[in-house]
Amino acid sequence: MASTANKHEFFIALFLALSVFQMTSAGDPDVTGDFVVPLNVTAVDGNFFTFTGMRAVMSMDLPMAFKVTKASAAEFPALIGQSVSMAVLEFSAGSVNPPHTHPRASELLFLLYGSLEVGVVDTTNKLFTQTLQSGDMFVFPKGLVHYQYNANETDIAIAISAFGSASAGLVSLPASVFTTGIDSGILAKSFKTNVSTIEALKLGLTPPKA
């Protein structure tokens, strides 16, 4: 099982691994200048090109659930127009990143530690699966439904994902279907089940009130 010391070593490897992430296709329009400065930025210096949000993943705390730390245009405005973003994925033992899509970019995942079961579904509804080990990479084509699952019930998994867009977008299938207010009767007919089953699914996915 991973120790806190090991986790620190993983993240040293993480940043060394960044050099392999050169996406072959861009998901953002070309910019007409060197870079894009948002209207709310009044001065540009080295801080503008610096993102410190990943410092949190360098902590010695092991993940207690699935956790994503993103560096996209929303968190790091200097990425606007640069056709690149990244995320660190931390999986607690037995956790899952539920089926989802990125409508504006492909995803290149590099597994730093542990093992992951991954899958992607193409537009003919064919499922492609693989069990990844540390050092493996897997590409999720743009817009296709995919997932990642840490089947190990005693150890964590850590991965880094690169995207060919500063704003890859995220559509979570469970949340999009069951938490957006779609009528339960429509969903019951769509899934060929009853309304009570749909209501139970909705209740299970409803975030707890603060």
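The values are calculated or read from the model by the stated rules, or taken from the named source; none is laboratory data. What you are looking at is a predicted structure, and each value in this text was computed from that prediction instead of being measured. Cβ: placed from backbone, ideal geometry, glycine included. Neighbour counts: every protein chain shown. Remember, those area values only see protein heavy atoms, side chains included, never the ligands or the DNA or RNA. Shrake-Rupley method; radii C 1.70, N 1.55, O 1.52, S 1.80 Å.
Just a few scattered comments:
- Electrostatic dipole magnitude of the chain [Cβ: Lys, Arg +1; Asp, Glu -1; Cα centre; debye, to 20]: 540
- Counted by Cβ distance under 11 Å from Leu170, the other residues give a net charge of +1, where Lys and Arg count +1 and Asp and Glu count -1.
- Cβ-based net charge around Ala93, under 11 Å, with every Lys or Arg adding one and every Asp or Glu removing one: -2
- Per residue Cα convex hull volume in Å³ - calculated over region 62-141: 113
- Peptide ranges 116-129, 141-154 listed from the most packed, as the mean C-beta count within 10 angstrom indicates: 141-154, 116-129
- Extension gain from Ser172 to Ser196, taking 0.36 nm per residue of separation minus the Cα-Cα distance: 6.4 nm
- Note that the chain carries a Kirkwood radius of 18.9 Å, evaluated over its alpha carbons pair by pair.
- Accessible surface of the chain [probe 1.4 Å, protein heavy atoms]: carbon and sulfur percent: 59
- Region 56-93-region 109-133 distance, computed between alpha-carbon centres (Å): 19
- Of all the options Phe76, Phe66, Phe48, the one that moves most in a Gaussian network model of the chain with Cα springs shorter than 10 angstrom is Phe48.
- Counting charges near Gln130 (Lys, Arg +1; Asp, Glu -1) among other residues having Cβ under 13 Å from its Cβ returns a value of -2.
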